[in-house]
Amino acid sequence: MDGLLGLLGDYTIRNVAAGAALLGLISGVLGSFAVLRRQSLLGDTLSHAALPGICLGFMIAGTRHLGSILIGALVTGALAALAMLALTRLTRLKTDAGLGIALSVFFAIGVVLLTHIQGTGNASQGGLDSFLFGQAASILRSDLWVMGGITVVALTLVAALWKEFKLVAFDPGFAASIGLPVVVLEVVLTVMIALAVVVGLQMVGVVLMAAMIIAPAVAARQWCRRLESMVVVAAVVGIASGVFGAVLSALARGLATGPLIVLSASAVVLVSLAIAPERGLLWEALQRWRNRRQLRSRQLLTTMHELCERHDDPGYLAEQGMVDAIYGLSTRRALADLSRDGLVVRTTHMPGEGVHWRLTDSGHAEARRILDPMAQGAP
């Protein structure tokens, strides 16, 4: 504990942890809207589209001035987003095709500009390629102020336009029918996601930033049914992943911070996909098992009811061995479930014979309830 407290007392580690927390906060909030709008590739497109802006910002400033670089990244990211929206609205291209075109074109331009800068011999360009994979250790307190300002602007816009964003995310057709400027709101949302990308460039880089836009929101979606709770949970997951990855990187010297942050968020996603109630894989497997067991019990109940009707005896005793032969497998567990529910009663018929079962009045009523809808739906 003392070692951890001492670690958090380090100036550089505090800066990295604070920057990772800001990244997780804005990524979780804005990524929720991207996931709900089925634009999971948007973060990937905008992060790659930021590369030419990074290069242009450097070329204009003549040095690695973070403000110029982030402004350039925001401009080209926003241009890529607008190009994607134009392609999908003015042509017959689908969203994924528009995202793919914008990603490849802008990233190619960025690689060309980066190669040109590296060939100029400018001493200031050293380390510029670190924006591809991030370099969290180089974050300064002044950088945190810039990242914090961008985060505050983005969250303020979300709070101010919450109802409009919520409606556009779930039902853009209805939003348009009541007079909301859907296109403008979509543009604002997309530009705000570009803001989130800008915040994370120095932390995790162009290549990994897409995961931070998507992972916290995907994890939160597994646990939440309402947008309000999803945004909060996504923000918490993003912050926790960022801080945990930053601290883990500091403890394990030599491991890059950005990939550890992304791996932390991905681990939360995997756990959420596995165990989240009602949506997790384990929950679905358990539900399928319960449904199969319930179906077998219902089939057995109706079979025993039909045997009673064929023998014109409501108290007809069905031998368990005979029932097993009908289904070709053991019905012991299904009969135990029916007995627990008070639908069948275990009894004996004659000495030396096997176990017999008899339907109760409740069992007959339940069997008729099951069979009646089938009879009504028959041709």
* Subset of the range 311-331 [free of Cβ contacts under 8 Å to residues at least 40 places away in the same chain, assigned to a loop (DSSP other than H, G, I, E, B) and crowded, with 16+ Cβ neighbours inside 10 Å] -> Thr331
* Scanning the range 229-277 for residues that are outside any helix (DSSP H, G or I) and in contact (Cβ under 8 Å) with a residue 24 or more places away in the chain, which turns out nearest to Val204 (Cα to Cα)? -> Ala256
* To do: Could you please find all residues in the range 173-194 being farther than 27 Å from Met209 by Cα and either in a helix (DSSP H, G or I) or touching a residue at least 24 places away in the same chain (Cβ under 8 Å) (or both)?
  => Gly173, Phe174, Ala175, Ala176, Ser177
* In the range 278-310, how many are in a helix (DSSP H, G or I) and of a type in the set (Gly, Ala, Ser)? -> 2
* Could you check, for the range 34-53, whether at least one of its residues is farther than 24 Å from Gly258 by Cα, touching a residue at least 12 places away in the same chain (Cβ under 8 Å), in a helix (DSSP H, G or I) and in the same structural domain as Val158 (by TED's automatic domain parsing)? => yes
* To do: Take the residues in the range 97-131 that are assigned to a helix (DSSP H, G or I), under 28 Å from Pro259 (Cα atoms) and at pLDDT below 80, then tell me which one is nearest to the chain's Cα centre (by Cα).
  => Phe131
* For the range 267-282, how many residues meet the condition of being modelled with pLDDT of 90 or more and crowded, with 17+ Cβ neighbours inside 10 Å? -> 3
* **Hits in the range 171-202 - residues which are surrounded by 24 or more Cβ atoms within 10 Å (Cβ to Cβ) and of a type outside the set (A, V, I, L, M, F, W, C)** => Thr190, Gly200, Gln202
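Say whether the condition of being at positive phi, more than 23 Å from the chain's Cα centre (by Cα) and outside the structural domain of Val237 (by TED's automatic domain parsing) is met by at least one residue in the range 312-321.
Among the residues of the range 312-321, at least one is at positive phi, more than 23 Å from the chain's Cα centre (by Cα) and outside the structural domain of Val237 (by TED's automatic domain parsing), which makes the answer yes.
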* Do we find a residue being within 18 Å of the chain's Cα centre (by Cα) and assigned to a helix (DSSP H, G or I) anywhere in the range 149-167? -> yes
* Asked: If you scan the range 150-170, which residues turn out to be surrounded by 15 or more Cβ atoms within 10 Å (Cβ to Cβ) and either touching a Gly at 6+ places or on another chain (Cβ under 8 Å) or not acidic (Asp, Glu) (or both)?
  -> Ile150, Thr151, Ala154, Leu155, Leu157, Val158, Leu161, Phe165, Lys166, Leu167, Val168, Ala169
* Structure fact -> Selection over the range 63-85 where residues are surrounded by fewer than 16 Cβ atoms within 10 Å (Cβ to Cβ), touching a residue at least 12 places away in the same chain (Cβ under 8 Å) and more than 26 Å from the chain's Cα centre (by Cα) yields a count of 2
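The values are calculated or read from the model by the stated rules, or taken from the named source; none is laboratory data. Remember, predicted model here, so these are calculated numbers, not experimental data. Reconstructed Cβ throughout: ideal geometry from the backbone, glycine too, with neighbour counts over all protein chains shown.
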